[in-house]
1. Does the range A:74-102 hold any residues that are under 25 Å from A:Arg263 (Cβ atoms) and either among the acidic types (Asp, Glu) or in a loop (DSSP other than H, G, I, E, B) (or both), and which are they?
2. Please work out if A:Leu568 is surrounded by fewer than 24 Cβ atoms within 10 Å (Cβ to Cβ) and either touching a Gly at 6+ places or on another chain (Cβ under 9 Å) or at pLDDT 90 or above (or both).
3. From (1) more than 12 Å from chain A (Cβ to nearest Cβ); (2) within 30 Å of A:Ala638 (Cα to Cα), pick out the condition that doesn't hold for B:Gly101.
4. Considering only the range A:62-78, I want to know if a residue exists there that is of a type in the set (Asp, Glu), surrounded by fewer than 19 Cβ atoms within 10 Å (Cβ to Cβ) and farther than 30 Å from A:Thr314 by Cβ.
5. Quick one: which of A:Leu438, A:Leu472 is away from chain B (no Cβ under 13 Å) and free of Cβ contacts under 8 Å to residues at least 60 places away in the same chain?
6. Of A:Ala349, A:Ala341, A:Ala336, which residue is out of contact with any Phe, Trp or Tyr (no Cβ under 9 Å at 6 or more places or on another chain), more than 21 Å from B:Leu161 (Cβ to Cβ) and not in a loop (DSSP other than H, G, I, E, B)?
7. Any residue that is touching a Ser or Thr at 6+ places or on another chain (Cβ under 7 Å), assigned to a helix (DSSP H, G or I), assigned by TED's automatic domain parsing to the domain that holds B:Val129 and polar (S, T, N, Q) - is there at least one of those in the range B:208-220?
8. Within the range A:522-545, does at least one residue satisfy the condition of being without any contact (Cβ under 8 Å) to a residue 12 or more places away in the chain and not in a loop (DSSP other than H, G, I, E, B)?
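The values are calculated or read from the model by the stated rules, or taken from the named source; none is laboratory data. Nothing here was measured: the structure is a model prediction, and the numbers come from that model. Backbone-built Cβ (ideal geometry, glycine too); neighbour counts: all protein chains shown.
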Amino acid sequence: MTAGPPHRRRFLVGFAAALVLGAALSQWVLTRASERESEFRATRIAVVGASALAEVAGRAGGVGDGLRRAVAEFARDNTEVSSARIVILDGISLEASTAPADRGEKAAPRRLTREEKPLYDQAQGLRAAVETNRQEGTARKPEIETAAVSGRALSAAAPLEKDAAVVGMAMVETTPPPPSPPPGWLFPLLVVAFGVLAYWLATLATGERRGWLAGAACLLLLVAMALLGWHAFATLAGERRLTESGVASAVAIEAGRTQRALRELGQGAAAAPLHPGRWDTDLFRRPFGIVRDDGSVDTAKVESALANGVSSTTRVTGGVTALALALLCFVGFGAAGRLGATIRRYRQAYAYTFPAMFGMLVLVFLPFLYGVVLSFSDMSLYSSQASIGDLFTKLWVGLKNFADVLGDFHVATSTAGGLVWNYQNFYWTLGVTIVWTLTNVAYGVGMGLFLALILNTKGLLFRPIYRVIFILPWAMPNYITALIWKGMFHQQFGVINQIIQMFGGTPVSWFESPGTSLFACIATNAWLSVPFMMVISLGALQSISADLYEAARVDGAGRWQQFRSITLPSLKPALVPAVILSVIWTFNMFNIIYLVSGGDPAHSTEILITQAYKFAFEQYRYGYAAAYSMVIFAILLAYGIWQNKVTKATEGI
Amino acid sequence: MSRSRRSEEYPHFPLHLILLVYVVVTLYPLLWVFTIGFSGRQDLFIVDIPANPTFLNRLRAIMPWPAHVSVSNFVSVFTEQPFARWLFNSTVVAIATTLLGVFLACTSAYAFSRFKFPGRRAGLMSFLVSQMFPGTLMMIPLYIIIVKWLGLGSTYLGLILVYAITGIPFCVWMLKGYFDTIPRELEESALMDGASAAVIFYRIVLPLAKPAVAVTALFSFMTAWNEYIQAQTFMDKVTMYTAPVGLKFFVGGFQQQWGYFAAGAIITAIPIVALFLFLQKYLISGLTAGAVKG
C-alpha cells in the first residue's frame, strides 16, 4: 500500500482537525450563550413580578388590611407568581404573605422570627443599595436581588418605596418558562461533513502544490466558520426575540393583576396611571425600554439592539477562527508532525521533566499570565465573580491601571500647614523601598565585612563560638524575628523604650511617625541581614593565600595598601553576587515590613511589595494591585538583566 | 622576625571587646524571648516597674531574666491553645512539601543535567525568570486557582502544592549543579551493561547525589516550615493554621498574648535553628552558586 502524497494528506488532516475544533468551540460557546439567555429571560420575568408587587404594595401604603387584600388579589390565580411576601423594615414585620409556609399560626401580619433574619438583612441591604446609588448618582449596587429557590423556581426581591423612601421589600417567587432546548448538533455536523468533502474534492484539483492546498484550506475554513457564526447569531437572535415576547406577555399579565389588586384598594390608589413597561428593568432598576406599557414589544428597538450585538458574535467567531487557522497551519505545514517526532525522539527527557513542568505551568506560569491579564482589567471586590471572558470585555481597561500607578505624581500637596505627603503614591513607596534596600544592604555589607575581618585575625580565641552566635539571626525564622522586634519597640512596655528611659530620655512612639517607624523596620532587618554577609566575607577572606600578604610586606606595603590591593580585590568575586542577591532579598522582604510596622502610620512605611499586597488583599483592588505588581516585576527584571551582564551568568547553561 | 610579625597584628583584647558588644546585640532579642517565654505571664515587660523607677529598677527591667521562672506558658500553649494542632499542620505540610518537591525536582534536574533536548535551555531560563515574579502578582491568581477553581482553600493539599511547586526552580538549580559534577562514565558503563534509564537514575545517580538531595530536602522543609504570608492567605480556618500563622495570631490585632507567642516561638524555632546550623555550609555554597548563575 502506498502512502498518500505527504502535503495533501497533511493538509487534509489539518483541515479536518481545524474544522472540527472550530465547529466544536462555536457550538460550545453557543450552548453557553443560549443557557445564559434562558437565565436572563427567567430573571427579567421575575423582576417584572417583583416590581409589579412593589408597585401594588407602594400604592397600598405598605401596611394594613388593604395591603393584604390587594396582595392576595394580586397573587390569586397567578400562575407565574407562586407566592408574594411583603417585609416592612419598621417593626421588622412580615406585613403580607401568600406563601404556603405563612398560613395558620404564621399568617401575616406578624413579627419576623429569628430564623427569618436573612429576610430582614436582605431588605436592609436593598435599602442601603438604593441610598448608595442615589447618593453617588451611579448604578453600583444591585437594587433587585434574585436567587434560585428550589427546582427551577426563582425568587426576586425589590425595594418597596413610599414617598421616595425605601420602607421594606417586596418579594415574589416565580416559576420561569421552561428554558430553550440546547442548540442542535445537526448544523455544525453538516458544516464539518460538507466542508471536509469539499476540501477533498478541491485537493483533487490542486494535487501536491503546497500554496494551492493552503490557500484552498484557508478559504474553505473561513467560509465554514462564517456559516457557523451566522448560524450562531441567528439562533441567539431567535432566543432574544423569544425573551422579549416572553417578558412582554409577563408584563401584560402582571399589569392585569395589578389593575385587579388596585381596584380592590379603591379609587385613590388606582388614580395615577400605571406604567407596566417600566417594570422591565435590569437589577439596578434601570428600565430596558423595550416593552411598552400595553404589553407590546418595541420591535425596532429589539432589532437595533440585535444589530449592535452582531459585533460581539463576530468577535467570538473571529477568535475561534483564528484558533482553527492556527491549528490548520500547524498541522498542514508539518510543524505538528515535527513536534510529534521530537517528542517521540526525546520522550525520556520529556517524561522526566514533565511532572515538574506541568506543575510549574499550572501554578506558576498560568497564574503569572492571569496576573498580566488582570493588570489590564478593573477587577475588584465588586466584580470578584467575573469570569475570564469578562476580563477581556466588560472589565478591560487597557493601560489605565498602569497610568494610574506610574502617572500619578501627586506625591505631596502643599497646604497651609506645610507639605502633606500622599503615602499611597507609587513614587513615595518607591522612595521608601530604595532607602530601605540601600540602608539595609550597606549596613549588612559594612557590618558583615567588619566582623569578618576581626574574626579572620590570626590566632583569635573562641572564633568558632563567635561565628555560631553571630549566625543565629540568620537561622531564626524571620517572621519570629519581626514579631520579637515589634514587641521590643512597643511604645509602653517595649525594652527599647525602657533603655531610653533608663538614660533619662522620653519614650518614643515608634510607629506613629514615618521616620521612627522605618527606623524600627531597618533595625530589625539590619540585625538579621548581617550574618549572611559576614559568612560570605569570612569564607572569601580565609581563601586568600597568606603568601600574598607576605609578598606585599616584603615589598613594603602598609596595612591599608594591603587591604586595598589584596583583600578587597579577593573579596570581590564572592561579595558581588552576595550583594546582588541581598538587594533582591531586601527589596522583596515582605515579612519584616508587614509584621513590624505593618505600614504604619497610614501606609507611610510600606515598601512596594507590601503595598501591592494591601491593594490586593485589604482594598480588594485586584486589577490595580496586579498592575502595581507588574511594575515591581519590571523593576526586578531590569535589575536581573543588568546583574546578568555584571556577572556574565548564563555562560554555564 | 617574630617581633615584627606581632607588630603587624592588632592586639586581641580590643577585638574581643568589639565582638562581645556585638554578641550582646545578637543575643539580646533571643534571650528576651526566652525570658518572656519562661516568665509565666503574657506581658511584654520582664518585671513590674514601680511608679517612680530608679536607674536600678529600670536596669532590672531590661535584664533578660524573668522575675519568676515558670514553664506555665509552655504547658498552656498545648493545653489551652490549639498550638499542638498548628505544629501538626506545619509538620504535615512541610514533610509533604519536601517529599513532593524533591521528587519533582530530582527527576527534572536529572533530565536537565543529562539529556540534550529541544527546550532545555528555554526551560532552565524560564525557571530563572519565574524566580523574579513578584509574590503579590502571583498570589491573586493563585488564590483564585487554588481556592475557587480547585476548591483547595484551607486544605493541606492546596498549601503543599503551592509550596512544592513554587520551590521547584531553586531545587532544580541546586540539584542540577550537583548532578553535573557526577562523572558520566558510571552511567555509560551501566548503559553498556544493559541498564535502563530508570535503573540508572534510581540505582546509580540518586545514591551518588545523596548529600545534595538531603540538603535540598532540608531546604524545602525549612522553607515550608517558615513560610508565613501564603499560609495566612490560603488557610482561613483557625484549626488549619500553620505554626507561623498561629504565632502571629497570638500577638496580631488586639491580641497581646506575648507569653504564648514566646513559648510557641521557642518551640517552633529551636529545631529549625539547629537544622540551619547543621546545614549552613551546604546552604551557603548552594546560595552563592545560585547567585553566580542567576
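1. Listed by number, the residues that qualify are A:Arg76, A:Asp77, A:Asn78, A:Thr79, A:Glu80, A:Glu95, A:Thr98, A:Ala99, A:Asp102.
2. Numbers: surrounded by fewer than 24 Cβ atoms within 10 Å (Cβ to Cβ): yes; either touching a Gly at 6+ places or on another chain (Cβ under 9 Å) or at pLDDT 90 or above (or both): no.
No, not satisfied.
3. Unmet condition: (1).
4. The answer is yes, given that some residue of the range A:62-78 is of a type in the set (Asp, Glu), surrounded by fewer than 19 Cβ atoms within 10 Å (Cβ to Cβ) and farther than 30 Å from A:Thr314 by Cβ.
5. Values: A:Leu472 fails: away from chain B (no Cβ under 13 Å).
Going through A:Leu438, A:Leu472 in turn, the sole match is A:Leu438.
6. Numbers: A:Ala349 fails: out of contact with any Phe, Trp or Tyr (no Cβ under 9 Å at 6 or more places or on another chain); A:Ala336 fails: out of contact with any Phe, Trp or Tyr (no Cβ under 9 Å at 6 or more places or on another chain).
Testing whether each residue is out of contact with any Phe, Trp or Tyr (no Cβ under 9 Å at 6 or more places or on another chain), more than 21 Å from B:Leu161 (Cβ to Cβ) and not in a loop (DSSP other than H, G, I, E, B) leaves just A:Ala341.
7. Filtering the range B:208-220 for residues touching a Ser or Thr at 6+ places or on another chain (Cβ under 7 Å) gives B:217, B:220.
Next, only the ones that are assigned to a helix (DSSP H, G or I) stay: B:217, B:220.
This time we only want the ones that are assigned by TED's automatic domain parsing to the domain that holds B:Val129, so: B:217, B:220.
Checking which are polar (S, T, N, Q) leaves us with B:220.
Yes, because at least one residue in the range B:208-220 is touching a Ser or Thr at 6+ places or on another chain (Cβ under 7 Å), assigned to a helix (DSSP H, G or I), assigned by TED's automatic domain parsing to the domain that holds B:Val129 and polar (S, T, N, Q).
8. Looking only at the range A:522-545, we keep the residues that are without any contact (Cβ under 8 Å) to a residue 12 or more places away in the chain, and these are A:545.
If we keep only those that are not in a loop (DSSP other than H, G, I, E, B) as well, we get none.
Checking the range A:522-545: not a single residue is without any contact (Cβ under 8 Å) to a residue 12 or more places away in the chain and not in a loop (DSSP other than H, G, I, E, B).
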